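Novice: To start, I am sharing the structure in question, which I have written as structure tokens.
The values are calculated or read from the model by the stated rules, or taken from the named source; none is laboratory data. Since the structure is predicted, the reported quantities are computational estimates derived from the model, not experimental observations. Here the Cβ positions follow ideal geometry from the backbone for every residue, glycine too, while neighbour counts run over all protein chains shown. Side chains included, ligands, DNA and RNA excluded: accessible areas come from the protein's heavy atoms. Shrake-Rupley method; radii C 1.70, N 1.55, O 1.52, S 1.80 Å.
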Amino acid sequence: MATILRDWSYRYQWLYDGISRIAALSVGGESRFRRLALQDLSINQDTKILDLCCGSGQATQFLVKYSQSVTGLDASPLSLRRAQQNVPQAEYVEAFAEKMPFPDNYFEIVHTSVAMHEMEPQQRRQIFQQVYRVLKPGGIFTMVDFHRPTNLLFWPGFAVFLWLFETETSWQLIESDVPALLSEMGFEVSRHALYAGGSLQVIQAKK
């Protein structure tokens, strides 16, 4: 059960960004954190990338360095206004992730960063189905999010963080086998790497 700090972190961008930067220190800083999901991917300036649940553009600002064809999608008008101000190089669409207003086989890469833990299990399944639909054949879905720590030393801090800032859906995610779910939907999971004592997972899955 989250505390009032969760509400504050979404209301005040400076607080959210500060928390994100502190959390990213566990993998070597924010710049390295944002690159984890993009490792070994073939990206050029024309690659069509969807930043799914883009929030205020924290990951979008890194994606536009790789491609001139980046679209951010989020259901929050406030977040999208902030993203437009922070990263004007991208295009933005207001929509729910489980009902994406894009044609089939449209993007080469769909990227999402620490957003899927906000979703209920059935909602997350619907989102993955939509990701599969909008990806071109051979396209890549890449995801960074929480994972059950494999190093016991990371458990206390991780549990406190979830208690302060997250909800039950985060606990549901770390109990889920996301690669197995993606494989069930037809993806070919090519990478599943753990960082920060196993508390962070990076997945790359090919359509």
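Novice: Of the DSSP beta bridges with both residues in the chain, give the percent that are antiparallel, rounding to the nearest 5.
Specialist: 40 percent
Novice: Decide, for the range 23-92, between rounded, prolate and oblate: order the square roots of the alpha carbon gyration tensor eigenvalues as a ≥ b ≥ c, take rounded if a/c falls under 1.5, and otherwise choose prolate if a/b is larger than b/c, else oblate.
Specialist: In terms of gyration-tensor shape, oblate.
Novice: Go through ASP177, ASP74, ASP40 and list them by solvent-accessible area, largest first, probe radius 1.4 Å.
Specialist: ASP40, ASP177, ASP74
Novice: Turning to a different aspect of this structure: Where does the range 103-207 land on Rg/Rh, using Cα atoms and the Kirkwood Rh?
Specialist: Computed over Cα atoms, the ratio is 0.99.
Novice: On to the next question. Just to confirm, what accessible area per residue do you get for the chain at 1.4 Å probe, in whole Å²?
Specialist: 48 Å²
Novice: A further question on this structure: Efficiency by 1/(1 + (r/R0)^6): what FRET value for LEU194 and GLN85, r their Cβ-Cβ distance, R0 = 45 Å, to the nearest 0.05?
Specialist: The formula returns an efficiency of 0.85 here.
Novice: Out of residues 5 or more away from HIS147 or on other chains, whose amide H comes under 5 Å of its own, with H placed 1.01 Å from N in the peptide plane?
Specialist: The answer is LEU200, GLN201.
Novice: Let me ask something else about it. Once Rh for the chain is found with the Kirkwood sum over Cα pairs, what is the Stokes-Einstein diffusion coefficient at 4 °C and 1.567 mPa s, in µm²/s?
Specialist: The estimated diffusion coefficient comes to 76 µm²/s.
Novice: Please list 3J(HN,Hα) in residue order for the range 195-207, calculated via the Karplus relation 6.51 cos²θ - 1.76 cosθ + 1.60 where θ = phi - 60°; whole Hz, with x for glycine and proline.
Specialist: So the J values, rounded to whole Hz, are 9, 6, x, x, 7, 10, 10, 10, 10, 10, 9, 9, 7.
Novice: Right, another one. Quick check for me: using +1 on Lys/Arg Cβ and -1 on Asp/Glu Cβ, what's the dipole size of the chain about its Cα centre, in debye to the nearest 20?
Specialist: Roughly 380 debye for the chain.
Novice: So, one more: Whenever you get a sec, compute what percent of the accessible area on the range 77-207 sits on carbon and sulfur atoms (1.4 Å probe).
Specialist: 55 percent
Novice: Counting Lys +1, Arg +1, Asp -1, Glu -1, what net charge surrounds GLN122 among other residues with beta carbon under 15 Å of its beta carbon?
Specialist: Its environment carries a net charge of -3.
Novice: Now a separate question. Show the residues, 5+ positions off or on another chain, whose built amide H is closer than 5 Å to the amide H of LYS48.
Specialist: Close amide H contacts, sequence-distant or interchain: GLU108, ILE109.
Novice: Okay, moving on. How much solvent-accessible surface does PHE165 expose, in Å² to the nearest 10, with a 1.4 Å probe and all protein chains in place?
Specialist: 30 Å²
Novice: Also, I was wondering about something else. With a sphere of radius 10 Å drawn around the Cβ of ARG191, what net charge do the other residues whose Cβ falls strictly inside it have (Lys, Arg +1; Asp, Glu -1)?
Specialist: After counting each charged neighbour, the total is 0.
Novice: In whole Hz and in residue order, list the ³J(HN,Hα) couplings for the range 52-64 that follow from phi through the Karplus curve 6.51 cos²θ - 1.76 cosθ + 1.60, θ = phi - 60°; x for Gly and Pro.
Specialist: Working through the residues one at a time gives 7, 6, 6, x, 8, x, 4, 7, 4, 5, 8, 5, 5 Hz.
Novice: Then there's this: What value, in deg cm²/dmol to 500, does the helix sum -39500 (n - 2.57) over DSSP H runs of n ≥ 4 give at 222 nm once divided by the residues of the chain?
Specialist: Roughly -10500 deg cm²/dmol at 222 nm, from the helical runs in the chain.
Novice: Given a Förster distance of 35 angstrom, what is the FRET efficiency for ASN105 paired with PHE161, based on the Cβ-Cβ distance and rounded to 0.05?
Specialist: Given R0 = 35 Å and the Cβ-Cβ separation, E is 0.40.
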